[in-house]
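Okay, structure first, notes after.
The values are calculated or read from the model by the stated rules, or taken from the named source; none is laboratory data. Bear in mind that the values here come from a model prediction, so they are computed numbers and not experimental data. Positions of Cβ are generated from backbone atoms using ideal geometry, with glycine treated the same way; all protein chains shown enter the neighbour counts.
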Amino acid sequence: MALLGGKRLSILTGIQVHLAVKLPPGKFKNRLGTKMKDKSASYTHWACFDCRKSFAKEPSAEPRKCPECAEPMIDMGAFFEPPRRLSKKRWEVMKVLADYGYKFNTKDSQIYIQHRILQAKNPRVVDVIERIELEKQRKQLE
């Protein structure tokens, strides 16, 4: 392949060398060399607690409807890691977090929720509610 036409330089031995191409922020190239948007910046996770499913969609001010059951979904943030569909207790914990207004919008919020609110891999709903109430009291004292 010639250097004139593009982004690769091919040597007779068959080795391809990729040349660096500067792209605007939020864009990157996949392995085929086509431009793509950075999904973490433009997509967020919408959770349906009735179906126990999560969908990556664009952020929206108004609630979206679940494609499975048509119930309203909740925007849980770009860093939300949904539990497995069959783990009902874990989904109940996520529902409690959503009801109290906790979202996974940034990596820091994800770390805060995991270390301060959940504190365990499989916490009980009662323990999570208790920790949320303690955090509210602590913030009121400050």
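Data table
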{"read-out": "Number of the exception - THR106 against (1) under 14 Å from HIS45 (Cα atoms); (2) without any contact (Cβ under 8 Å) to a residue 24 or more places away in the chain; (3) of a type outside the set (A, V, I, L, M, F, W, C)", "value": "(2)"}
{"read-out": "Unique residue being in contact with an Asp or Glu (Cβ under 9 Å, 6 or more places away or on another chain), of a type in the set (Val, Ile, Thr) and free of Cβ contacts under 8 Å to residues at least 24 places away in the same chain when the list is ILE117, ILE111", "value": "ILE117"}
{"read-out": "Filtered residues of region 63-84 (kept if basic (Lys, Arg), surrounded by 12 or more Cβ atoms within 10 Å (Cβ to Cβ) and in a loop (DSSP other than H, G, I, E, B))", "value": "ARG64"}
{"read-out": "Count of region 117-142 residues which are under 22 Å from THR44 (Cβ atoms) and loosely packed, with under 14 Cβ neighbours inside 10 Å", "value": "0"}
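Conditions (1) modelled with pLDDT under 85; (2) basic (Lys, Arg); (3) under 28 Å from VAL93 (Cβ atoms), marked per residue:
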| site | (1), (2), (3) |
| --- | --- |
| GLY26 | yes, no, no |
| GLY33 | yes, no, no |
| LYS37 | yes, yes, no |
| TYR43 | no, no, yes |
| ARG52 | no, yes, yes |
| ALA56 | no, no, yes |
